[in-house]
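Taking it in order: structure first as structure tokens, then the write-up.
The values are calculated or read from the model by the stated rules, or taken from the named source; none is laboratory data. In this text the structure is predicted, and so the values were computed from the model without any measurement. Cβ placement follows ideal geometry from the backbone for every residue including glycine, while neighbour counts extend to all protein chains displayed.
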Amino acid sequence: MVTEVRIGSLVMKNPVTTGSGTFGYGEEISEFYPLNVLGAVTVKGTSLLPREGNPYQRTCETPSGVLNAIGLQNPGFEVVKDVKIPFLQKQNVPIIINIIGSTVEEYEELAERFDSLPVDAIEINVSCPNVKAGCMAFGTTVEGINSVVTSVRKKTKKPIITKLSPNVTSISEMAIAAEKAGSDAVSLVNTFLGTVIDAKKRAFVLANKTGGLSGPCIKPIALRMVWEVYKAVKIPIIGQGGIMTGEDAIEFIMAGATAVSVGTGNLVNPMCAYNVVREVEEFMAAEGIDNINDIIGCVS
Ligand SMILES: Cc1cc2nc3c(=O)[nH]c(=O)nc-3n(C[C@H](O)[C@H](O)[C@H](O)COP(=O)(O)O)c2cc1C
């Protein structure tokens, strides 16, 4: 049975990676299972300098989902380079770094710095809805995506994955812009901008007022978006949004994703991504699928 997939020059032994920001740098989850069971680990968004994130309350459960406004809390480039990457290297699993910036120059600088480090791919986050400057501001216009991806492309030969926002009228247009600017792949979707109100307090639940919605409640929309993007671009897609089981992952692959990532599922059950890997294999065996690549986009 062949489960190996390719995202540019990144070879994944199976199609399952982790949603940035839902898996830390793998330290905690590595106490539950060896990380090299996964096709790759995608780590929390990294900025040049450490960020404290937004004030609390930053997360809230919703029916079949989570609303978060973490605000890209992370230890910054130096700690990721000196502590997090060496840890992940020892786990012998491909590493996908996720980069964030408030300006095009910050993305460029990060791409240049990571280019010389032992990471396997760079995911450009132009889709976080929870910060005031940069990020989703770039990812919701063709011009913004074009300027960030073109600049990052000049600074690295590593595979670039552009992480798209679903908070747009046409996600296909954004995917086409990423492809034209030199992205090797796109990942979608990041979270949907939403809010939760406490009626008795007559107040927003999150200190940030709004947050990004994720989990099973977004899956049907994410699936539809993956299918639309599959029809619009030739580069591979990493599908995400509410994947909790192997069959969820298979649905994304059938819609057109080459690989998938498990995000909120890790917060519900630390074994979730591991289970998805096993359940994809079980589904393939039960359905007589010899090669996972044969079913990419098969519903189209
Ligand atoms: C708590 C939390 C933190 C997140 N942080 C990031 C991040 O730093 N960078 C990023 O690109 N996406 C981030 N995301 C988005 C996820 O990676 C994923 O795209 C999204 O949650 C949809 O997938 P899911 O429904 O499987 O969680 C975060 C999501 C959650 C729930």
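General observations
- Residues that are crowded, with 23+ Cβ neighbours inside 10 Å, small (G, A, S) and within 15 Å of A121 (Cα to Cα), drawn from the range 1-38: G19, S20
- On inspection, V119 passes the criterion of being more than 13 Å from the ligand (Cβ to nearest atom), at pLDDT 95 or above, within 21 Å of R6 (Cα to Cα) and not in a strand (DSSP E or B).
- Within the range 67-86, being touching a Leu at 6+ places or on another chain (Cβ under 7 Å) and closer than 20 Å to G215 by Cβ holds for L67, A69.
- Tallying residues that are free of Cβ contacts under 8 Å to residues at least 40 places away in the same chain and either surrounded by 21 or more Cβ atoms within 10 Å (Cβ to Cβ) or in contact with a Cys (Cβ under 6 Å, 6 or more places away or on another chain) (or both) within the range 120-132 yields 2.
- Selected residue (criterion: surrounded by the fewest Cβ atoms within 10 Å (Cβ to Cβ)) from residues of the range 226-240 that are within 11 Å of the ligand (Cβ to nearest atom) and touching a residue at least 60 places away in the same chain (Cβ under 8 Å): I238
- Boolean, V149 is out of contact with any Lys or Arg (no Cβ under 8 Å at 6 or more places or on another chain), modelled with pLDDT of 95 or more, more than 22 Å from E105 (Cα to Cα) and assigned to a helix (DSSP H, G or I): no
- Among the residues listed as T169, T195, T245, T258, the single one being more than 27 Å from N146 (Cα to Cα), away from the ligand (no atom under 14 Å from the Cβ), polar (S, T, N, Q) and surrounded by fewer than 24 Cβ atoms within 10 Å (Cβ to Cβ): T195
- Residue match in the range 181-190 (condition: among the small types (G, A, S), assigned to a loop (DSSP other than H, G, I, E, B) and within 30 Å of D82 (Cβ to Cβ)): yes
- Pairs with Cβ under 7 Å, 6+ apart, first in the range 258-271 and farther than 9 Å from T22 by Cβ, second in a helix (DSSP H, G or I) and more than 9 Å from the ligand (Cβ to nearest atom): V260/A249; V260/F252; V260/I253; P270/I29
- Every residue from the range 1-51 that is touching a residue at least 60 places away in the same chain (Cβ under 8 Å), within 14 Å of the ligand (Cβ to nearest atom), in a strand (DSSP E or B) and β-branched (V, I, T): V16, T17, T18, T42, T46
- Residue count for the range 52-70 under the criterion of being surrounded by fewer than 19 Cβ atoms within 10 Å (Cβ to Cβ) and either in a loop (DSSP other than H, G, I, E, B) or small (G, A, S) (or both): the result is 8.
- Search result, residues across the range 71-86 that are of a type outside the set (V, I, T), surrounded by 14 or more Cβ atoms within 10 Å (Cβ to Cβ) and assigned to a helix (DSSP H, G or I): F77, K81, K84
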